[in-house]
């Protein structure tokens, strides 16, 4: 199976997940694994798509067969075996969302992260990526509020949310319209810091 075919099928699976068409996404992932049984990313996707803990455990066992050092897979498998619910590892999907953004496919990236947040509303890094994807200050503020709901001591999110609220106050106050470009640059700079603090460690370590 050529890499281009594999990438196309991965993107199709992720798109179907983002649209809530899980059965179709599972079928595409199954076809991919028939062609590439040692594809760790495909097994990770399948673990998120199967409909029972037992099947998810099978996927994580396959991941550990391919890479015995995969701590995320080991932790997920341990949770399942102990009767708890495994928290899916969404790191590859977050990487894909950022890749889509770099390619100018912002809407697809947002849909992919929305699917992650639908499944795990407390995923800190997913909220960090979403803050980078959305454009409107109000939506960025909502992402930051969720980050602070999960991690109240997050200084980068606190500072960035304060910038946005101060900018909103300036727009509605006597000095509205003053230096909007500078305000926008400050918000962008704050988002860059937030990304480095919240998201980058996960993506590097994933």
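Derivation of every value follows stated rules applied to the coordinates shown; laboratory data play no part. Since we're looking at a predicted model, the values are computed, not measured. So basically every Cβ, Gly included, is an ideal-geometry build from the backbone, and we count neighbours across all protein chains shown.
Stretching the chain fully between residue 34 and residue 54 yields a gain of 5.2 nm (0.36 nm per residue, less the alpha carbon separation). Using 0.36 nm per residue and subtracting the Cα-Cα separation, the extra length available between residue 23 and residue 99 on full extension is 24.9 nm. Relative contact order, whole percent, for the range 3-81 stands at 20, derived from Cα pairs under 8 Å and 6 or more residues apart.
Roughly speaking, what % of Cα-Cα pairs in the range 78-137 are separated by over 15 Å, rounded to a whole number?
Everything past 15 Å amounts to 49 percent.
The protection proxy used here, the mean number of other Cβ atoms lying within 10 Å of each residue, ranks peptides 41-51, 59-69 as follows, highest first: 41-51, 59-69. Placing a pseudo-label 7 Å from each Cα along the Cα-to-Cβ vector at residue 151 and residue 167 gives an inter-label distance of 2.1 nm.
Distance between the C-alpha centres of the range 1-61 and the range 75-152: 19 Å, rounded to the whole angstrom. The fraction of all Cα pairs in the range 3-81 landing in successive 10 Å bins from 0 to the largest distance is 21, 50, 28, 1, given as whole percents. Put simply, when 120-130, 27-37 are sorted by average Cβ atoms within 10 angstrom per residue, most first, you get 120-130, 27-37.
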